[in-house]
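Visitor: Sending over a structure as structure tokens; questions will come in a sec.
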Amino acid sequence: MKVLLITGREIGYARNEVLLRALQRFAQVDVIATTTEPRSLFWNSLLMTVRALPKVARGGYDLIVVGFYGHFIQALISRLTNTPILFDAFVSSYDTLCFDRQLFAPNSLPGRAAFWLDRATTHAASHVLLDTPRHVDYFVQTFGLPAEKVSALPVGCQESIFQPRVAPAPNASCTQVLYYSTYLPLHGVETVIRAADQLRQEAICLRLIGNGPEFMAARQLATELQLDNILFAPPVSLPTIAAEIAAADICLGGHFGSSEKAGRVVPGKIYQMLAMARPVIAAASPANCDLLTHGQNAWLVPSGDPVALAQAIQTLHSDRALRHCLGQQGRHLYERSCSEAVITARLREITTSIVDVASSV
């Protein structure tokens, strides 16, 4: 099978990277993508589309895969070729802009444009990929997609980086709790900060890595609460994140925000933490509950509830054996449900079906 992969975000973006590696295991893949995060998704998508046009015009591909963020690319490419297209929509622009980040009202001109972009691009594709069954349900119900045209494919992680390591030696002075994010609204960082406030008398230290839209508000809240049990750290590379996970006693997987989108996604960091056999505290959101089992392979707490999150951290802080059990069972869950081998097998099945249908028409 010969495949052309085109992406709007950089090829190193977690979703694109896992998708590329999976495709390369069973297909010959040509890639049109940037290697650095683009400043503008629209202009980068336009550039990637222009770069792809000669290859699309020459043909010879069994399948075109439009990766993340590919909405603008899909809107253009789908008009220019008869080759079947697998569109990794991954998330909804409409949901993200209008409900999660609340940048536009749903009935505003930008809101309606985002809705049209999601609907038009997914309907024009031969098949659509999303990250969770909850997202599949959302797209089917919101944009009228036929259920048989949409598949859920886990995000997974780069297993050459995220693998189990020797557990850290117990820190007698402080239990290390790790959380990293890009400080978006759905991450619910305020919940983490307020949980730290509940734990100020405990021998528990929280390390928050990252930056983003709500970073300054989080720092300000921590200052107002006079917290000295939180250390803020800047964004780091994926290998460094893996080292941070390995060094942590407890990992916070999130998303702790209460938006509907937060309930439909499984955070990428959860896959990374599970793959490394570390104990995870996650929100008891619908998507997380579809994957995780409380007390068996993760510790689940209500979204947006700092008291419950603090109690969960306290429980794992006090029970080293429970932390070990959660980590080991989390790794077993990863291997059977969302590993790269699982993702590859599912993607091969989906792409083969698309190509077979196209060749029979």
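Visitor: Which of the residues spanning the stretch 142-179 are in a helix (DSSP H, G or I), in contact with a helix residue (DSSP H, G or I) (Cβ under 6 Å, 6 or more places away or on another chain) and not aromatic (Phe, Trp, Tyr)?
Guide: Hit for the stretch 142-179 is ALA147, nothing else.
Visitor: Of the numbered conditions (1) modelled with pLDDT under 95; (2) closer than 22 Å to ILE270 by Cβ, VAL177 satisfies every one except a single condition; which is it?
Guide: Only one criterion is unmet by VAL177, namely (1).
Visitor: Would you confirm whether or not the stretch 145-153 contains a residue that is of a type in the set (Gly, Ala, Ser) and farther than 28 Å from GLY111 by Cβ?
Guide: no
Visitor: May I ask you to verify whether GLY304 is touching a strand residue (DSSP E or B) at 6+ places or on another chain (Cβ under 9 Å) and on the phi > 0 side of the Ramachandran plot?
Guide: yes
Visitor: Okay, next question. Among the residues of the stretch 235-287, write down those that are in contact with a helix residue (DSSP H, G or I) (Cβ under 7 Å, 6 or more places away or on another chain), polar (S, T, N, Q) and part of a helix (DSSP H, G or I).
Guide: Answer for the stretch 235-287, where residues must be in contact with a helix residue (DSSP H, G or I) (Cβ under 7 Å, 6 or more places away or on another chain), polar (S, T, N, Q) and part of a helix (DSSP H, G or I): just GLN272.
Visitor: Working carefully through the options PHE104, PHE139, find the one that is part of a loop (DSSP other than H, G, I, E, B), among the aromatic types (Phe, Trp, Tyr) and either more than 25 Å from LEU333 (Cα to Cα) or more than 22 Å from the chain's Cα centre (by Cα) (or both).
Guide: That would be PHE104, the only listed residue that is part of a loop (DSSP other than H, G, I, E, B), among the aromatic types (Phe, Trp, Tyr) and either more than 25 Å from LEU333 (Cα to Cα) or more than 22 Å from the chain's Cα centre (by Cα) (or both).
Visitor: In addition: Here are some residues: ASP30, ASP88. Which one is farther than 28 Å from ALA287 by Cβ and in a strand (DSSP E or B)? Full working, then the answer.
Guide: On the way: ASP88 fails: farther than 28 Å from ALA287 by Cβ.
After ruling out the rest, the residue left standing is ASP30.
Visitor: Shifting gears a bit: With respect to the numbered conditions (1) over 15 Å from ARG134 (Cβ atoms); (2) modelled with pLDDT of 95 or more; (3) surrounded by fewer than 24 Cβ atoms within 10 Å (Cβ to Cβ); (4) not acidic (Asp, Glu), which one is the sole condition not fulfilled by LEU238?
Guide: For LEU238, the exception is condition (2).
Visitor: Regarding the stretch 158-177, can at least one residue be identified that is surrounded by 16 or more Cβ atoms within 10 Å (Cβ to Cβ) and touching a His at 6+ places or on another chain (Cβ under 7 Å)?
Guide: Yes: the stretch 158-177 contains one or more residues that are surrounded by 16 or more Cβ atoms within 10 Å (Cβ to Cβ) and touching a His at 6+ places or on another chain (Cβ under 7 Å).
Visitor: Now, a different point. Kindly provide the set of residues from the stretch 187-215 that are in contact with a strand residue (DSSP E or B) (Cβ under 8 Å, 6 or more places away or on another chain), closer than 17 Å to SER259 by Cβ and assigned to a loop (DSSP other than H, G, I, E, B), ordered by number.
Guide: Hits for the stretch 187-215 are GLY188, GLY212.
Visitor: Starting from the stretch 193-204, take each residue that is hydrophobic (A, V, I, L, M, F, W, C) and list its partners that are assigned to a loop (DSSP other than H, G, I, E, B) and buried (at least 16 other Cβ atoms within 10 Å of the Cβ), counting only C-beta distances under 8 angstrom and pairs at least six apart or across chains.
Guide: Pairs that qualify, where the first residue is hydrophobic (A, V, I, L, M, F, W, C) and the partner is assigned to a loop (DSSP other than H, G, I, E, B) and buried (at least 16 other Cβ atoms within 10 Å of the Cβ), are ILE193/LEU227; ALA196/LEU227; ALA196/ASN229; LEU199/ASN229; ILE204/ASN229.
The values are calculated or read from the model by the stated rules, or taken from the named source; none is laboratory data. None of the values given here were measured: they were computed from a predicted structure. Don't worry about glycine lacking a Cβ; one is built from the backbone with ideal geometry, like all the others, and counts go over all protein chains shown.
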